[in-house]
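Beneath this line is the structure, given in structure tokens, with notes to follow.
Read-outs throughout are calculated quantities, based only on the coordinates presented, and are distinct from any laboratory measurement. Just so it is clear, the structure is predicted and the values come from calculations on it, not from any experiment. Quick reminder, even Gly has a Cβ in these numbers, built from the backbone with ideal geometry, and neighbours come from all protein chains shown.
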Amino acid sequence: MLKGKRGLVFGVTNDKSIAYAVAKKLSLEGAEVIATCLNQKAYDAIAPSMMSEGIRIQACNVEEPDQLKVFIDFALQHLNQFDFIVHSIAWAPLEDLHGRVIDSSSNGFARAMTISCHSFAQIAHLCVPYMKHGGSLVTMSYLGADEAVPHYGLMGPVKAALESLVRYMALELGPSGVRVTAVSPGPILTRAASGIEGFDDLMRRAIEKAPLGRLVTTDEVANLTAFLCDDISSGMTGQTIYVDGGCHAVA
């Protein structure tokens, strides 16, 4: 599907993460992929697995603009251009994530918004000039952007902002042939998800509610993302697309 395509995947944490599954799938489909992890500790843990899949990986903290620019420059040296960008980054301080939204700190809210939402716009700002033939920008959301999910707290408004950002970016970048989409997976037990209180209950309720009667896998999320990075999805932009076993469609 993706032979000859080149792009970036942001946010690999370990071999159970959505970003890992996405990077692996894109590579298997023939794309040349460079991925990021947060820091040197994460790099030491995940780099052997990534390189065995033929995927370059570099540490890059998107909260540090200089690091982000250095990484983009590094990627351009190897890829020359970008056909797709996948953003799979979400973070909030635990003390703010575990508390009520009305009790969240201004600093914690701002950092969560910067890392989980605005970083997508920053990445687009740096990468779109090198998407000369158009392409696809994909980010990861969650149903908590649209519904109030117990214990999701601060991340709900942040993901809602991210989905709105997708629509505005789609409007702005459409004339240049760049498509922008959010993928909204159902609950998956990743390292990021483990920080959410009551996550076991959230998964149990998702299984009970989903028409398919089960949770989805990181591979299923990766399959959808690969489709969105391919030219066969060329008529799609500005959407949030669910891969959650149908949870979003059931009251």
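Here the relative contact order of the chain, from alpha carbon pairs under 8 Å that lie six or more residues apart, stands at 20 percent.
Fewest-first ordering of F109, F82 by other beta carbons within 10 Å of each residue's beta carbon gives F109, F82. For segment 10-72, the square roots a ≥ b ≥ c of the C-alpha gyration tensor eigenvalues yield an a/c of 1.5 or more together with a/b exceeding b/c, which makes the shape prolate. For segment 130-144, the Karplus equation 6.51 cos²θ - 1.76 cosθ + 1.60, evaluated at θ = phi - 60°, returns couplings of 9, 10, 5, 10, x, x, 9, 10, 10, 10, 10, 10, 6, 3, x Hz by residue, with Gly and Pro reported as x. Size descriptors for the chain (Cα atoms only): Rg and Dmax, in that order, 17.1, 49 Å.
Taking amide H atoms as placed 1.01 Å from N in the peptide plane, the amide H of G135 lies under 5 Å from those of V178, R179, each 5 or more residues away in sequence or on another chain.
The residues M140, M51, when put in order of fewest to most other Cβ atoms within 10 Å, stand as M51, M140. Residues V33, V221 in ascending order of nearby Cβ atoms (within 10 Å, fewest first): V221, V33. Would you tally the net charge around A148, using a Cβ to Cβ cut-off of less than 13 Å, leaving A148 out, and scoring K and R as +1, D and E as -1? So the surrounding residues net to 0.
Taking amide H positions as modeled 1.01 Å from N, with prolines and chain starts lacking one, the residues under 5 Å from W91 and 5 or more places away or on another chain are S116.
Summarising the strand pairing of segment 6-243, around 0 percent of its internal DSSP beta bridges are antiparallel. Close amide-amide hydrogen proximity is noted between A59 and C37, each under 5 Å apart and 5 or more residues distant or on a separate chain (H modeled in the peptide plane; Pro and chain starts excluded).
Rounded to the nearest 20 debye, the dipole size of the chain about its Cα centre is 360 debye, using +1 on the Cβ of Lys and Arg and -1 on the Cβ of Asp and Glu.
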